[in-house]
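**Q** Supplied in structure tokens, the structure appears directly below.
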Amino acid sequence: MWLPAIGGVGIGLGGFFFPLGLGVGYDNIAELLRGNAPFGLLLGLLLAKSLMWAFSLSSGTSGGVLAPLLMIGAALGETLARLAHLPGDTQALWALMGMGAMLSGALGVPLTAILFSLELTHALPAVLPLTLACVAAYLVTSLVMPRSILTEKLSRRGYHLSREYGVDPLEMIMVAEVMTEPSVPAERGNNGEVRAELPEILAYSDETCRAVAEEMATTGVTTMPVFDRETGLICGNVSARDLLGGRSRTVVRESQRTAHIRFRREKNDEA
């Protein structure tokens, strides 16, 4: 019960020294988008407002996210423009770019940030720089932040929500590489393939193991017959254990390949 109280004390102290940091902050956003905002407002938003917002979120209370991101991002953009001694109109443009970039990166929604910023300002000539800023912010935060600010609290409750860039090992191996001999009762043709009535849930020999794993997770089935599209016959079975074995072999193979590439690169550097 002390966390909300501590958060309230932090917000109260911030509001005592920087009253403009209290409230929804729409007037601050409008001032920043006009350009030539007072330096005290920029400094207060970057320092005091950021600390107040951090106290609010870390105290466990459900606080606003949209308006603080817009204010802090616009203040950051206009501060950079001010340090570069740009004119007032350009400062307003940089405030718009910072606002959209902060929203895009923190929430992981570049298209929403672009449309929201345009709807707020109606600055259609700024579409190109705004789009570049939002896309760049999204790419950077996607690489350095495993989660967005909207899903961080969920992850701390035990729900794994991630947006890291990575390749699933099951995406790199086909079903035909891990399947086993069919165990369902069936008739064999002249060339040895298994003839059987096709079930409703099956896997295809030319699809990735990741697709089969998703199908197993959705249906609850742990073993599937494998169907060959070319022959139109069942050619094997694939189980969850087969998928795990294939994933382990893929991880080992990729580790060996990476080590070999690193070894060759070090040899070339020495040469």
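**Q** What do you get for Rg/Rh over segment 1-73 if you use C-alpha atoms and the Kirkwood form of Rh?
**A** Ratio value, two decimals: 0.99.
**Q** While we're on this one: Residue by residue through segment 94-100, which ³J(HN,Hα) values in whole Hz follow from phi under the Karplus form 6.51 cos²θ - 1.76 cosθ + 1.60 (θ = phi - 60°), with glycine and proline marked x?
**A** 5, 5, 5, 5, x, 4, x
**Q** May I ask you to list the residues of segment 213-227 whose amide nitrogen lies under 19 Å from a point 7 Å from Cα along the Cα→beta-carbon direction of Glu171?
**A** Answer for segment 213-227: 213-218.
**Q** Please compute the modelled spin-label separation between Glu266 and Thr222, points set 7 Å along Cα→Cβ, answer in nm with one decimal.
**A** 4.2
**Q** How big is D for segment 36-131, in µm² s⁻¹ as a whole number, if Stokes-Einstein is applied with the Kirkwood radius of its Cα pairs at 20 °C and 1.002 mPa s?
**A** The estimated diffusion coefficient comes to 157 µm²/s.
**Q** Quick one: P(r) of the chain from all Cα-Cα pairs, 10 Å bins, percents rounded to integers, in order of increasing distance.
**A** Here the calculated profile for the chain is 6, 20, 20, 15, 16, 14, 7, 3, 0.
**Q** Let me ask something else. Can you tell me the relative contact order of the chain? Whole percent, Cα pairs under 8 Å, sequence separation 6 or more.
**A** That works out to 12 percent.
**Q** For helix 209-219, what angle does its Cα long axis make with the longest principal axis of the chain, in degrees from 0 to 90 and rounded to 10?
**A** 80
**Q** At 222 nm, what value in deg cm²/dmol follows for the chain if DSSP H runs of at least 4 each add -39500 (n - 2.57) and the sum is divided by all its residues, to the nearest 500?
**A** -18500 deg cm²/dmol
**Q** Put a dot 7 Å past each Cα toward the Cβ at Tyr26 and Leu46; how far apart are the dots in nm?
**A** It is 2.8 nm.
**Q** So how strong a dipole does the chain carry about its Cα centre when Lys and Arg Cβ are +1 and Asp and Glu Cβ are -1, to the nearest 20 debye?
**A** Roughly 1000 debye, rounded to the nearest 20.
**Q** Using the beta-carbon distance between Asp89 and Lys153 and R0 = 51 Å, what value does 1/(1 + (r/R0)^6) give for FRET efficiency, to the nearest 0.05?
**A** It comes out at approximately 0.85.
**Q** Quick one: Cα centre-to-centre distance for segment 1-27 and segment 75-129, in angstrom?
**A** Rounded to whole Å, the Cα centres lie 26 Å apart.
Only the coordinates and a few stated rules stand behind these numbers; no lab work does. Bear in mind the structure is a predicted one, so any value in this text is a computation, not a measurement. Note: ideal-geometry Cβ built from the backbone for every residue, glycine included; neighbour counts use all protein chains shown.
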